[in-house]
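None of the figures in this text is laboratory data; all of them are computed from the coordinates on show. All of these numbers come straight from a predicted model, not from anything done at the bench. Using ideal geometry, Cβ is built from the backbone for each residue, glycine included, and neighbour counts are taken over all protein chains shown.
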Amino acid sequence: MGSSCRLIVAAAVLVAAAGVARADIAPGDVCTAPGQPCQTAGPTFNQPGTCVATTCTRVVPGAGGGAGTMTMEYACNRCLLQGMGGAAGGGAAGAGGSAGQGGAAGAAGAGGAGHAGAGGAGHAGAAGSGAGGAAGTSVGAAGAGGHLGPGGSTGKAGAGGSAAPRCESPGACSLSSGGTGAAPTSFGVLAVVLGISFVSRRRRRNREGDARARRR
Amino acid sequence: MMTAAALPIAALERVRRAGLRTLAPVLRVPVVRRSLVERASRVPALLTAHAAAAFAVALLAPSLSLVLAPLVLGVPHVAADVRHLVIRRRLPRAAVIALAVSAAALLSLRLLAETHAVSEAWAIRSEHALASVCVLAGAFVGARAGGWRWTAWGALAAALVVGVLALAVPRELRIGLVQGHNLVAVAIWLLLFRRGARRALVPVAVIVLGAGLLASGALLGVTLRHGVLSVFGLHLGAAADLIAPGAGDARGLALTTMFAFLQAVHYAVWLIAIPQDDGRPRGRPSLPMTCRALVRDLSPAGLAVTVALMVAVAASGIVMPLRTRAIFLSLVTFHAWLELALLLFFVARDGFGRPKPSDPQATP
């Protein structure tokens, strides 16, 4: 088998693979620049959106080093669909305060202006009046967290209002699949391979011609 | 006459010599002396020391390593790539042109994606298609030049596997490339540049052990309890979202600490181990000698561009570290593909060992 044939066979395998290539490329709805456009929004992580800074959580081994776990919160960025309203903020109403004036039950977060999100991940205020997150405006702006009530002692501001779809842990993100968009890539690969093969054959012919000329 | 550029070099050299004089009693110990003078010992010793330091930083401040290392060492590392894999190997002109065009095309695709001129999905599909052809062509051209021996067939098979995965499962391959790229540097050093196989086992064992310990999650509790999790606004969790998506909450963090360790190791390989092993076999090159060799290899203009890019990336990193890091790492993705293509090219052409023809005149 000639060298060019080997390359063509190898490239053909690549092109065949391209035919079944999947379109799931973006790593979930993660993005890197808050406020900037991003293209990994939507349930299948392939729609244009805006990168929004929010709060994510991970369940990690507990501080004692035993079998227990704890939730770790951290600042992260998520690509949210454009025009999607903020989701319900605030989560559950705050429990009444146990001391002092006693917190009034927190109002439920108002719905977003656009699609209702799948629920903000806001933690309810543990005490005090956890005011719900304000309605999201246009691009899933984070709702205002619940305020600590006057009687509350350990109330935690609810990080409500982040719009759905939201992937708390990348591990929970499902991957999309499909076969879109592979054809142009395949043709591109094929064109390059044919080009290389053509040039290679031409050079070989030239070399053979030179060799014949030298022999003469 | 001493030029403006030579002044700081001469000053640094004086500092280096003063340091060596201070350490003279230690350097007189035969074991220490041998390990610092003989390159076969010196390079593994230096790499082991750097790996140990990288392990400590990855364990206690992984985000620091993740942010700072690319901003400070990223540009010199790419320059070292070009220097030791292309320039010093005196590749045929056609190969150099093909590499330059491929690198420019891959860089352009990332630029288009970063400026949102094209969709990220389209950019990655195109990038993977082009990169697959580069990797395949590297193995094929190497095999053709070196004869179709078993290493050539192995390199071609590896290129095919990478190409098929890049096109069939681009997302997974992308994550694999991010993680595996650090190991490619170690593989390039081990397979193509290292001298003294037995001594190289020490740093390799330290690297494998360190990576295994961090990836297993056995030390994650130490990081979470005693480490600094957020540096320059990058939390370890946010880094794990990008570096180890889909790996689970705790395992993702563990894999990210491993990545921080291996990334630092790969910079040490490119900036310490490979330059020293690609140089002369004995003695320690002085700073002026190293600088002269750099100018000879990269040309004054190339060195000026490298220094300018280094300063630009570092300066931008001071203002907006995370954005600069993200853009820089996105734009230099091309070098990961070219490293892979050239590794397969050299293995296919020369087997395992120093890539030929190495220019003996170019050694520092």
Of B:Ala197, B:Ala264, B:Ala314, the most mobile residue in a GNM of chain B (C-alpha springs, cutoff 10 Å) is B:Ala197
What's the exposure ranking of A:Tyr74, B:Tyr267, going from fewest to most Cβ atoms within 10 Å?
A:Tyr74, B:Tyr267
In a Gaussian network model of chain B with springs linking alpha carbons closer than 10 Å, the residue among B:Ile274, B:Ile97, B:Ile243 that fluctuates most is B:Ile97
Within 10 Å of each Cβ of B:134-140, how many other protein chain Cβ atoms are there on average?
4
Can you run phi through the Karplus equation (6.51, -1.76, 1.60; θ = phi - 60°) for the stretch B:229-236 and list ³J(HN,Hα) in whole Hz, with x for Gly and Pro?
8, 10, 10, 6, x, 9, 8, 4
With just the Cα atoms defining each centre, how far is the stretch B:57-72 from the stretch B:242-315? Give it in Å.
14 Å
For the residues B:Ser35, B:Ser65, what sequence is obtained by ranking on other C-beta atoms within 10 Å, fewest first?
B:Ser35, B:Ser65
Take every Cα pair under 8 Å in chain B that's 6+ residues apart, average their separations, divide by the length, and report that relative contact order as a whole percent.
38 percent
Quick one: 3J(HN,Hα) in Hz for the stretch B:301-307, Karplus 6.51/-1.76/1.60 with θ = phi - 60°, rounded, Gly and Pro as x.
5, x, 5, 5, 5, 4, 5
Average beta-carbon neighbours from other chains, 10 Å sphere, peptide B:105-111:
0
Within a Gaussian network of chain B (alpha carbon springs, distance under 10 Å), most fluctuating of B:Glu120, B:Glu13, B:Glu38:
B:Glu13
Gyration tensor (alpha-carbon) shape descriptor, chain B, a/c threshold 1.5:
rounded
Kindly provide the helix-only [θ] at 222 nm of chain B, computed as the sum of -39,500 (n - 2.57) over DSSP H runs of four or more divided by all residues, to the nearest 500 deg cm²/dmol?
-25500 deg cm²/dmol
Residues whose modelled amide H sits under 5 Å from the amide H of A:Cys38, counting only those 5 or more places away in sequence or on another chain, are A:Gly49, A:Thr50, A:Cys51
